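Worksheet for the structure shown next.
The values are calculated or read from the model by the stated rules, or taken from the named source; none is laboratory data. Note that this is a predicted model, so its numbers are computed, not measured. Cβ placement follows ideal geometry from the backbone for every residue including glycine, while neighbour counts extend to all protein chains displayed. We work out accessible area using only protein heavy atoms, side chains counted, and drop any ligands, DNA or RNA first. Shrake-Rupley method; radii C 1.70, N 1.55, O 1.52, S 1.80 Å.
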Amino acid sequence: MSTQMRNVLRQQLGELRHEPTAKRIRAELGGRTVVDSTRALLVWEPRRVVPVYAVPVEDVAVELEPADGAGAPADDSVGLSLPEMSARPVLDPSIRFTVHSSEGRPVRLRAGGAAAHGFRPADPDLTGHVLLDFDGFDGWYEEDERIVSHPRDPFHRVDVRSSTRHVVVELDGRVLAESTRPRLLFETLLPTRYYLPAEDVTAELVPSATRTACAYKGEASYWTLRAGDVVAEDVAWSYQRPLPDAAEIAGLVAFFDERLDLVVDGVRRERPRTPWSR
């Protein structure tokens with residue numbers, strides 16, 4: 001009997017996973033390079049949906065200090081409930097690094113007055129490695145290119161395709177945007193996103209101060225929707241200068257269909273449940 005690949009990926013979510021990378025990985029802290037490795041691993045702790053880097057301790061240029069009490073166990077009270085993905089709460093990127101779902105010992109790295117968290121896993125396959133808190137460092141590089149948000153997952157893909165589908169975005173029956181020239185962004189294990197020309201948006205969108213970063217698409221800027229007496233904060237976003245993997249969506253506008261209604265070719269889509277539903 002055939003197995004859907006999506007289910008295979010989900011079945012492994014509750015396990016500690018790792019994958020070697022051939023890329024040279026460097027990290028800066030306190031104005032200096034403190035990690036430089038060609039032997040790095042990508043590591044997913046159980047229930048984590050994005051990886052962190054782990055490197056041999058010998059590839060870290062500063063001492064690893066004990067950090068007792070810096071870690072916290074990830075019981076079932078922590079995380080996001082996504083029943084279609086996992087029977088247990090999922091540890092999405094909003095769950096801080098110091099929350100761990102595997103056995104190990106927390107450590108701390110210091111350089112130039114700055115500090116970052118690390119974690120020495122107890123798993124025998126990861127002996128001699130330290131997991132590193134991506135957000136705790138000043139900058140990360142794969143080879144000589146700076147990366148943002150989190151390490152890129154080699155099993156995660158982003159595809160953008162031009163389309164002539166008829167897309168209508170609504171809120172409480174009120175049309176906010178309508179287009180027959182969307183660009184569809186397909187991203188592994190995430191809902192299809194419909195990026196529309198700004199000219200096809202009829203609702204008033206007010207620029208927001210919110211910014212987020214995606215490892216595959218770059219920095220996103222957000223918009224707050226105003227429609228009559230309705231105000232929906234940060235309900236739309238745009239990548240003005242996307243990374244090369246998503247260059248085709250530059251300047252286009254997408255809406256969270258977790259919070260709005262999307263009608264595609266006359267069919268109203270069910271609102272998906274994702275980390276952005278909240």
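Annotations
- Residue within the stretch 186-205 that is touching a helix residue (DSSP H, G or I) at 6+ places or on another chain (Cβ under 6 Å) and either surrounded by fewer than 15 Cβ atoms within 10 Å (Cβ to Cβ) or touching a residue at least 60 places away in the same chain (Cβ under 8 Å) (or both) present: no
- Residue count for the stretch 27-58, restricted to those that are over 24 Å from Ala122 (Cα atoms) and open to solvent by less than 50 Å² (accessible area, probe 1.4 Å): 2
- Any hit, the stretch 104-118, residues being β-branched (Val, Ile, Thr), open to solvent by 10 Å² or more (accessible area, probe 1.4 Å) and at pLDDT 95 or above: no
- Top-ranked residue in the stretch 6-23 [being open to solvent by 80 Å² or more (accessible area, probe 1.4 Å) and part of a loop (DSSP other than H, G, I, E, B); ranked as farthest from Pro121 (Cα to Cα)]: Ala22
- Selection status of Arg165, open to solvent by 80 Å² or more (accessible area, probe 1.4 Å) and assigned to a strand (DSSP E or B): no
- Close pairs from the stretch 249-260: first more than 15 Å from Arg181 (Cα to Cα), partner open to solvent by 20 Å² or more (accessible area, probe 1.4 Å) and part of a helix (DSSP H, G or I), Cβ under 9 Å, at least 6 apart: Phe256/Trp276; Phe256/Ser277; Glu258/Trp276; Glu258/Ser277; Arg259/Trp276; Arg259/Ser277
- Counted residues, the stretch 140-162 - those being in a strand (DSSP E or B) and either open to solvent by 40 Å² or more (accessible area, probe 1.4 Å) or at positive phi (or both): 5
- Among the residues of the stretch 207-219, some residue qualifies, meaning at least one is open to solvent by less than 60 Å² (accessible area, probe 1.4 Å), of a type in the set (Lys, Arg) and under 29 Å from Val90 (Cα atoms).
- The residue of the stretch 222-276 that is nearest to the chain's Cα centre (by Cα), among those that are acidic (Asp, Glu) and open to solvent by 30 Å² or more (accessible area, probe 1.4 Å), is Asp245.
- Looking only at residues of the stretch 37-70 that are among the hydrophobic types (A, V, I, L, M, F, W, C) and under 15 Å from the mean Cα position of the chain (by Cα), we find that the one that is nearest to Ala22 (Cα to Cα) is Leu42.
- The set of residues in the stretch 171-210 that are farther than 30 Å from Gln12 by Cβ and outside any strand (DSSP E or B) comprises Asp172, Gly173, Thr180, Arg181, Pro182, Pro197, Ala198, Glu199, Asp200, Thr202, Ala203.
- Residue tally, condition at pLDDT below 95 and either closer than 25 Å to Arg88 by Cβ or not acidic (Asp, Glu) (or both), over the stretch 51-75: 9
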